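The values are calculated or read from the model by the stated rules, or taken from the named source; none is laboratory data. Keep in mind the model is a prediction, meaning the values are calculated, not measured. FYI the Cβ positions are ideal-geometry reconstructions off the backbone, even for glycines, and counts take in every protein chain you see. Ligands, DNA and RNA are excluded from the accessible area calculation, which covers all protein heavy atoms including side chains. Shrake-Rupley method; radii C 1.70, N 1.55, O 1.52, S 1.80 Å.
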Amino acid sequence: MTSQAWRKAARTVSLVLLSLSVSFGACGGDGEQPLPAEPPLPPGAVAIGGEHRLVLNQESGTIVLERRGVPLVSLPLQGWQLGCVSVVEEQYNYDPFPLYRPNGVYQPPAGLHWVTPRAFSIRDRTANALLLELEYPQGERASLVIRLAAMGRFEAHWRPVGDSIAYFRLRIPVSEAEAFYGLGEYYDDVNHRGKLRAMQIELDPEIESRYNEAHVPIPLLLSTAGWGVFVESDFPAVFDVAHTDPAVVETTWGTGVASREGLRVHWLLAEHALDLTRHYYEITGAFRLPPPWVYGPLVWRNENRDQEQLEADLRAMRRLDLAASGVWIDRPYATAVNSFDFDPEKFPEPERMFRLAKALGYRMALWHSPYLDRSHPATAALRAEARAENFFPPRFGLLLNDWGEPIDFTNPEAVRWWQRLLQSYVQLGVHGFKLDYGEDVVTGVSARRNRWQFFDGSDDRTMHSRYQWFYHSAYAGVLPAEGGLLLVRHAVFGDQRHGVVVWPGDLDANFARHRERVETDGSAYVAVGGLPAALVAGLNLGSSGFPLYGSDTGGYRHGPPDKELFTRWFQQTALSTVMQIGTGTSEVAWEPTPANGFDAEMLDWYRDYTRLHLRLFPYIWTYLHALTSNGRPVLRPFGLAYPELGAHPWDQYFVGDDLLVAPVVERGARERDVLVPPGRWLDWWDGTAYVGPATQRVPAPLPRLPLFVREGAVIPLLRPTIDTLSPAEDSAAVDSLAGNPGVLYSRIVPGTSSGFALFDGTYLAQSTTTGTNGQLTIELEYRPGAWFRSGAMFEIFGFSRDAHIVAAHGKAPLPAFSSTAALEAAARGFTNCQGMWIKLAPSDSKLRVEIELSASSGEGASR
């Protein structure tokens with residue numbers, strides 16, 4: 001482009017900026033209190049934003065992101081690099097990952113070199129936007145439009161001018177003290193410092209699966225210093241997170257012929273690193289909360305033998321008093337993939353099966369995929385119709401499945417046709433789908449593209465990522481109005497709008513870490529990862545905007561799991577946002593075999609942990625609801641929650657603010673070290689108190705998950721008899737939350753004044769005074785529309801049993817009972833015989849109960 005053309009383009013952008021300045025000026029308004037005076041600027045510097053601001057130092061050519069005058073990250077303009085090649089080719093694969101990790105097949109494009117800005121100028125400026133022109137050494141130019149998008153969030157649109165540009169590279173100086181989270185689903189660690197992360201599936205011949213398992217790469221990087229970056233692009237990319245240079249985070253994007261469209265980069269600032277994901281939701285769309293039954297537990301077999309076996313499973317779980325809200329049928333159940341029927345030899349009466357499930361309080365889902373089996377006569381007519389109507393991609397590349405090319409969900413007519421076919425299942429009573437495969441569109445291994453073409457004009461360069469959006473959207477469109485289960489293996493940024501639950505694919509049925517060498521039966525393999533990988537993947541997803549996650553409890557590859565592995569795995573998934581239980585060898589907890597070693601003892605533990613998961617529903621569901629307002633992850637890596645401690649353990653995490661989980665992920669371990677955060681934390685099971693910050697050795701016998709509750713916490717729980725979150729027609733046999741929330745239980749740990757506002761508006765609170773005989777005050781208040789209006793049962797946890805009721809203000813005295821069973825049967829009262837329990841009736845909606853605590857407060861010794 002000539003300099004005259006460049007100036008004309010710059011004037012055009014300038015006019016657009018000025019026309020938008022009125023709306024930009026409204027940022028941070030909306031009735032908020034005036035911001036405090038801004039810190040002074042360096043000489044010659046310009047700034048946009050207020051309390052969180054972006055400062056451009058014209059002397060040094062550096063952009064600094066600040067919070068109340070404190071620099072969080074510096075972005076030298078020299079870090080905005082362009083990758084130039086001799087000729088930008090339409091058919092070339094510009095995936096940048098092989099540039100960092102050569103694969104022996106890929107050849108970098110001819111003439112590849114990187115150019116760094118040698119000068120810049122401010123072409124225009126408004127109160128909340130800057131237009132910069134970057135000049136590069138060989139005549140390349142780029143505009144950089146930066147605007148204040150919201151309080152604490154800046155959007156930069158970086159657009160080059162030139163015919164030789166194929167890559168964008170952003171280099172960010174970082175400190176040694178910073179750790180980095182987010183980036184989607186990875187299995188090896190929660191802190192990405194020192195890692196090289198591809199934003200797409202890549203060949204990896206070392207690992208058993210032969211690829212890098214990058215099913216949910218999300219280009220969102222969070223720094224513990226309180227800043228983050230989100231790159232809004234589907235093109236192939238890589239994040240070098242202080243891997244090559246410990247002082248630099250570098251992200252590179254291969255845009256090829258689309259480079260002139262530019263790259264959109266969002267810079268995020270927050271008071272705490274946990275708050276950065278709020279900006280991600282504001283950019284890509286709010287998380288959609290599915291119906292409560294998706295919270296689980298959800299049970300499945302890898303292969304159901306037949307309808308008789310499935311119905312026997314449904315009855316067995318109720319007969320054995322095992323909590324479960326849903327069941328899905330994995331393949332094969334249909335005549336073929338996807339014949340949209342049930343194999344009449346295996347499932348002769350599917351209507352009867354669904355009636356039984358409905359009566360016993362289960363929602364049903366099905367395994368599905370985006371293909372029509374090309375080798376089976378049962379799908380021949382459907383394939384012919386799809387071919388005639390152009391419902392397959394006009395061009396497809398390498399296929400990574402056994403059934404044929406996927407449906408082209410960018411074609412609206414193909415979507416409507418597929419959804420009509422799905423209605424046969426929906427009308428039968430299917431409330432969700434496990435969506436497998438659909439990962440055929442990859443960038444390619446060599447320098448040539450793996451060429452695909454789709455109805456809407458898109459191709460493999462972006463559809464390696466975006467195909468999943470269309471795939472999931474098609475299925476979301478047939479679910480009930482309140483939503484349903486969409487369990488997915490692969491996802492892309494923004495997919496949280498579909499309410500997807502992610503499962504991490506086929507993990508190993510063992511305790512191996514990702515890439516650990518495992519030797520077994522005279523052979524060896526490099527593991528995808530077992531229970532440790534499952535734990536790490538969920539924490540990474542929660543920090544990346546995907547809060548609903550559940551691994552295959554027990555693992556998939558190299559099964560079956562034995563008693564110890566299965567126990568440790570269901571302990572961990574009980575403290576997850578989704579508890580889905582199934583293995584590659586179709587093991588279920590109530591069927592012991594010589595190979596798995598399951599027994600009655602383990603079944604009792606399984607019963608307790610599935611019940612615990614279900615009972616925690618009001619606590620975890622409240623945090624999921626809060627994502628729409630604060631965006632904070634529900635499952636929180638330790639180091640992201642407490643960055644000031646400088647420790648980043650991968651094997652312990654928080655559920656919300658008040659529960660600390662430290663799963664046992666090592667075979668044979670019966671105790672483990674736990675990094676206890678600041679304050680006093682009580683063992684969930686026996687009340688032993690641990691004081692932090694300190695590393696403490698804690699007992700972990702096989703039946704016990706190391707689980708701790710914060711002093712001062714209020715933990716709402718469902719009643720202990722609950723079986724399911726799904727509606728149940730047989731109310732005599734099944735205790736269902738749906739339609740009968742019943743009495744709300746709560747565990748209270750006396751401490752500093754605190755409250756818990758449930759998702760339904762119910763409010764619980766406690767406060768404790770100090771002293772020799774301190775007093776605890778508890779309160780219950782209903783709000784309009786509350787689910788739980790049948791009273792509340794409080795367990796006062798973590799002090800000696802000689803405490804006593806002082807007063808119940810404003811109401812008749814609370815009667816005393818000799819046991820918790822007697823108290824549960826009453827309308828209101830208290831007992832101090834099996835621990836301190838208090839029950840309030842619905843009429844006690846604003847009752848204050850004061851309890852005098854003894855001087856020996858604390859059941860377990862503090863450590």
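For Met793, what charge total do you get from the other residues with a beta carbon under 13 Å from its beta carbon, if Lys and Arg give +1 and Asp and Glu give -1?
Details: positive: Arg615, Arg719, Arg747, Arg828, Lys839; negative: Glu795, Glu824, Asp844.
It works out to a net charge of +2.
Report P(r) for the stretch 514-602: all Cα-Cα distances, bin width 5 Å, range 0 to the bin holding the largest distance, values in whole percent.
For the stretch 514-602, the pair-distance distribution reads 3, 14, 22, 23, 19, 12, 6, 2, 0.
Could you tell me how many cubic angstrom of Cα convex hull volume the stretch 404-514 has per residue?
In the stretch 404-514, the Cα hull volume divided by residue count equals 152 Å³.
Taking just the alpha carbons, could you work out the radius of gyration and Dmax for the chain, both in angstroms?
Expressed in Å, the Cα Rg and Dmax of the chain come to 28.6, 91.
Hey, can you list the DSSP H helices of the chain whose Cα span along the axis is 27 Å or longer and whose average Kyte-Doolittle score is at least 0.0? The partial results should precede the final answer.
Values: long enough: 3-24 (31 Å, 0.64).
Those that pass (Cα extent of 27 Å or more, hydropathy at least 0.0) are 3-24.
At 1.4 Å probe size, with every protein chain present, just tell me what the per residue accessible area of the stretch 306-441 comes to in Å². The partial results should precede the final answer.
Details: 5290 Å² over 136 residues.
Per residue, the stretch 306-441 has 39 Å² of solvent-accessible surface.
Between Leu41 and Leu203, what FRET efficiency follows from the Cβ-Cβ distance if R0 is 60 Å, with the result rounded to 0.05?
0.75
Could you give the C-alpha radius of gyration of the stretch 683-798 expressed as a fraction of 2.2 N^0.38 Å, taking N as the number of residues it contains?
Numbers: Rg = 17.0 Å, N = 116, 2.2 N^0.38 = 13.4 Å.
Ratio of Rg to 2.2 N^0.38 Å for the stretch 683-798: 1.27.
Find the percent of Cα-Cα distances in the stretch 453-576 that exceed 24 Å, and round it to a whole number.
40
Pulled fully out, how much extra length does the chain show between Ala380 and Thr752, if you take 0.36 nm times their separation in residues and subtract their Cα-Cα distance?
127.2 nm
Report the Cα centroid-to-centroid distance between the stretch 428-457 and the stretch 488-502 in angstrom, as an integer.
14
Can you list, largest first and rounded to whole Å, the semi-axes you get for the stretch 343-441 by taking the square root of 5 times each eigenvalue of its Cα gyration tensor?
Details: eigenvalues 158, 41, 37 Å².
Value: 28, 14, 14 Å, ordered largest first.
Can you pull out the trypsin sites (Lys or Arg not before Pro) in the stretch 282-327 that DSSP calls coil and that have at most 14 other Cβ atoms within 10 Å?
Numbers: sites: Arg288, Arg301, Arg305, Arg315, Arg318, Arg319; in loops: Arg288, Arg301, Arg305.
When the trypsin sites (Lys or Arg not before Pro) of the stretch 282-327 are filtered for loop state and at most 14 Cβ neighbours within 10 Å, Arg305 remain.
Hey, with R₀ at 51 Å, roughly what FRET efficiency would Arg515 and Ile122 work out to, going by the Cβ-Cβ distance, to 0.05? List each step's numbers first, then the result.
On the way: r = 48 Å, r/R0 = 0.93.
Approximately 0.60, to the nearest 0.05.
Taking 0.36 nm per residue of separation and subtracting the Cα-Cα distance, what length does fully extending His625 through Arg697 add?
Values: separation 72, 0.36 × 72 = 25.92 nm, distance 3.48 nm.
Full extension from His625 to Arg697 adds 22.4 nm.
About its Cα centre, what dipole magnitude does the chain give when the only charges are +1 on Lys and Arg Cβ and -1 on Asp and Glu Cβ, stated in debye to the nearest 20?
Values: 78 positive and 99 negative charges, 346 e Å.
Taking the Cα centre of the chain as origin, the dipole is about 1660 debye.
If eta is 1.002 mPa s and T is 20 °C, what Stokes-Einstein diffusion coefficient results for the stretch 234-273, Kirkwood Rh from Cα pairs, in µm²/s?
So the translational diffusion coefficient is about 173 µm²/s.
Going toward the positive end of the dipole of the stretch 234-322, with +1 on Lys and Arg Cβ and -1 on Asp and Glu Cβ, which of Pro290, Thr244, Leu320 do you reach last?
The Cα lying farthest towards the positive end belongs to Leu320.
Rounded to the nearest percent, how much of the accessible area of the stretch 586-745 (1.4 Å probe, protein heavy atoms only) is carbon and sulfur?
Details: 2670 of 5210 Å².
That share works out to 51 percent.
Select from Pro560, Ile581, Pro547 the residue farthest towards the positive end of the dipole of the stretch 540-639; place +1 on Cβ of Lys and Arg, -1 on Cβ of Asp and Glu, and compute about the Cα centre.
Positive-most Cα among the choices belongs to Pro547.
Normalised by the number of residues in the chain, what is the relative contact order in percent for Cα pairs under 8 Å and 6+ residues apart?
Values: 2086 pairs, mean separation 80.8, N = 863.
Answer for the chain is 9 percent.
Please report how far the C-alpha centroid of the stretch 626-651 lies from that of the stretch 89-143, rounded to the nearest whole angstrom.
34
If you take the C-alpha gyration tensor of the stretch 47-195, multiply each eigenvalue by 5 and take the square root, what semi-axes do you get, largest first, in whole Å?
On the way: eigenvalues 168, 109, 32 Å².
Calculated on Cα positions only, the semi-axes equal 29, 23, 13 Å.
Carbon and sulfur together cover what percent of the accessible area of the stretch 458-584 at a 1.4 Å probe radius?
Details: 1160 of 2640 Å².
In the stretch 458-584, the share of accessible area belonging to carbon and sulfur is 44 percent.
Once you put a point 7 Å from the Cα of Arg451 and another 7 Å from the Cα of Arg848, both along the Cβ direction, what distance in nm separates them?
Rounded to a tenth, the inter-label distance reads 7.7 nm.
Specify, per residue and in Å³, the volume enclosed by the convex hull of the alpha carbon atoms belonging to the stretch 265-304. Please report the intermediate quantities before stating the final value.
Values: hull volume 6.3 nm³, N = 40.
Given the Cα convex hull of the stretch 265-304, per-residue volume reads 158 Å³.
Describe numerically, in nm with one decimal, the distance between label points set 7 Å from Cα along Cα→Cβ at Thr244 and at Asn401.
3.6
For the stretch 255-349, what value does the Rg/Rh ratio take when both radii are computed over Cα atoms and Rh is the Kirkwood radius, given to two decimals?
Numbers: Rg = 22.8 Å, Rh = 18.3 Å.
My calculation puts Rg/Rh at 1.25.
Specify, per residue and in Å³, the volume enclosed by the convex hull of the alpha carbon atoms belonging to the stretch 706-757.
Values: hull volume 5.3 nm³, N = 52.
Each residue corresponds to 102 Å³ of Cα convex hull volume.
Tell me, what is the per residue accessible area of the stretch 554-631 in Å², probe radius 1.4 Å?
Details: 2100 Å² over 78 residues.
On a per-residue basis, 27 Å².
Quick check: pseudo-label points 7 Å beyond the Cα along Cα→Cβ at Val70 and Ser731, how many nm apart are they?
5.5
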